[in-house]
Amino acid sequence: MSDATVIVNADIPGPRISRHVYGHFAEHLGACIYGGFWVGEDSPVPNVGGIRADVVEALRELSIPNLRWPGGCFADEYHWQDGIGPREERPRMVNTHWGNVEENNHFGTHEFLALCEQLGTEPYVVGNVGSGTVREMSEWVEYLTRSGSSPMVDLRRENGRDEPWRVPFWGLGNEPWGGGGNMRPEVYADLARQYATFCKNHGDNRLYRIAAGASEDDYAWTEALMRAVADMKAAQFPSLPFEALSVHYYTIGGTWTDKGPATGFDEASYWRTIRRAQAVEPLLRRHIAVMDRYDPDREIGLVVDEWGTWWDVEPGTNPGFLFQQNTMRDALVASLHFDVFHRLAERVVMANIAQTVNVLQAMLLTDPADGTLVRTPTFHVFEMNKVHHDATSVPVHLRAPGAVRELTDGAVPTLSASASVAGGACHVSLTNTDLERSQDVTIELRGSRVGAVAGRLLAPSSVGAFNAGAHPADVAPTAVDELPVTASTVRITLPPHSFAVVRAELPDLP
Ligand code: AHR
């Protein structure tokens, strides 16, 4: 057991934590779309218009704010016109990135927007820069968002949709430094300017255009995009080429060629994973430092539109389908990321975990044999942390000298926390990554007397615990019954490898 104090300055409001940092990602990859979201109208699996009812019902518990689609790598070989019109007449294609399987285009624009409506979420559509054309992208925007009469609007009507959809988020390609075209940053920066120019705001739809950003620590990529911003702001007729740029950062427990298993991992792999997750903070801060040089007023957002764990696929599954189990280790990786997103909320305006169903660090896993659906440990972190959506981030300081694990190659901090206030209450998220030691945490709340308190804990018996059809609730949150409280503090004991959210009402907050 080690003792720690978490000091929360609840009366010093920081930036708003956009709910969009709790965004999601659904690619045409493995069983994410086909079998995950989409089963088709004739399926014996209960569905609404072909979309799995149980998947929608479960995801609605997360109030997911936005959904990124159709990729990922797939976005840069996707031609949207192949995915409209009568399904049986849609052309087929090969999904060359993911398993070389045939894509029948049965899940296309209308199906995706119907899914967003069922989920109550906002669409984030990624256009094709790698193998598409400016005209193709421009017409997709028109098809989706224009009203009245125009060639694309008339086509949409022929396909059964009268009213335009609201599409707030628009991606300008994906990973152009890799599968999206193997481009140099300057080339892509010019293309982003060009493509974005023809992504118009139709009617009152306002596009938030997101340029495809860096891989991990490629700060030169961020710099090239920010130069494009600065150049266009300094032009004779100043404008922004795009409203945000992205970055992709995955957490692995080994190397890219040997990422390690999702379950049954050893301690060394665990600590490598935790370190890699913690490294997201300095990495984002460095990208932000580059952005600050060109954009000190922070007009341009940073969007972490792919993040999460990436393990070796489950034995016996298609290596191109990226299907992996999800343990308490994954949940801790998620909670550590959210602490960072909360702290950097002024610049980090959006994030999308990869990916929502059946792929990489999923919220839900569906069993192809019996159709059962399980909520993963990561799902529970998203659900427990919902309290931070659109809340005000507040400063947190740790006094926790014992919260550290000494490893042969250096020390790893084992306590992480972040906090926000909303509606007269403060929520504190706490993560203990130590594998053996509990942490006795005193939360010192400054700025108000402490009123009623409550806590929820995710603390399975093992860090390798996971949920499956036969044991769907091995990892599930529980209420904390007793939280010792004074006028200014709340105490909670965090078991090893656990995550908690504490709520404290603060009646004196303005
Ligand atoms: O999320 C899986 C893949 O990872 C995405 O398609 C790609 O953008 C990234 O490399």
- Message: Please list, ordered by chain and number, the residues whose modelled amide H lies under 5 Å from the amide H of D474; skip anything fewer than 5 residues away on the same chain.
- Response: A468
- ³J(HN,Hα) computed for each position of region 318-328 - Karplus, 6.51 cos²θ - 1.76 cosθ + 1.60, integer Hz, glycine/proline x: 4, x, x, 9, 6, 8, 9, 6, 8, 10, 4
- Message: Could you compute the net charge surrounding E136? Neighbours are other residues with a C-beta less than 13 Å from the C-beta of E136; K and R count +1, D and E count -1.
- Response: -4
- In percent, how large is the relative contact order of region 19-390, given Cα pairs closer than 8 Å and 6 or more residues apart? 19
- J(HN,Hα) series, region 106-115, from Karplus relation 6.51 cos²θ - 1.76 cosθ + 1.60, nearest Hz, glycine and proline x: 6, 9, x, 4, 5, 5, 5, 5, 5, 4
- Query: Can you give me the Cα centroid spacing of region 234-266 and region 29-90 in angstrom?
  - Reply: 24
- When a footprinting reagent is the concern and you count Cβ atoms within 10 Å, what order do V94, V167, V56 take, fewest first? V94, V56, V167
- Task: Kindly put K200, K386, K259 in sequence by how many other C-beta atoms sit within 10 Å of each C-beta, fewest to most.
- Result: K200, K386, K259
- Under the classification rounded if a/c is under 1.5, otherwise prolate if a/b is larger than b/c and oblate if not, where does region 19-390 fall, given a ≥ b ≥ c as square roots of the Cα gyration tensor eigenvalues? oblate
- Taking a crude spin-label model, label points 7 Å out from Cα along the C-beta direction, the I12 to A454 distance in nm is 2.9
- Query: For region 19-390, with the dipole built from +1 on Lys and Arg beta-carbon atoms and -1 on Asp and Glu ones, taken about the Cα centre, which of N66, Y195, A244 lies farthest toward the positive end?
  - Reply: A244
- Residue by residue through region 371-387, which ³J(HN,Hα) values in whole Hz follow from phi under the Karplus form 6.51 cos²θ - 1.76 cosθ + 1.60 (θ = phi - 60°), with glycine and proline marked x? x, 5, 10, 10, 8, 7, x, 4, 3, 5, 5, 4, 5, 5, 8, 3, 4
- Item | Centre separation in Å (Cα based) which lies between region 458-506 and region 104-138 | 38
- Please work out how much length the chain gains when fully extended from Q194 to R446, using 0.36 nm per residue of separation minus the C-alpha to C-alpha distance, in nm with one decimal. 85.7 nm
- Item | Relative contact order [Cα under 8 Å, 6+ residues apart], region 155-220, whole percent | 44
- Task: Could you tell me whether region 200-267 comes out rounded, prolate or oblate from its Cα gyration tensor? Rule is a ≥ b ≥ c as square roots of the eigenvalues, rounded for a/c under 1.5, then prolate if a/b exceeds b/c, otherwise oblate.
- Result: oblate
- Query: Cα convex hull of region 367-469: mean projected area in nm², to one decimal?
  - Reply: 9.8
- Per residue of the chain, what 222 nm ellipticity follows from adding -39500 (n - 2.57) for every DSSP H run with n ≥ 4, rounded to the nearest 500? -7000 deg cm²/dmol
- Tell me, how many Å apart are the Cα centres for region 395-427 and for region 277-338? 19
- Message: Cross-link candidates for K233: which lysines have Cα within less than 29 Å, leaving aside residues fewer than 8 places away along the same chain?
- Response: K200
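Since every read-out is calculated from the coordinates, none of them should be taken as a lab result. Just so we're clear, the structure is a prediction, and the values are computed from it rather than from any experiment. Cβ: placed from backbone, ideal geometry, glycine included. Neighbour counts: every protein chain shown.
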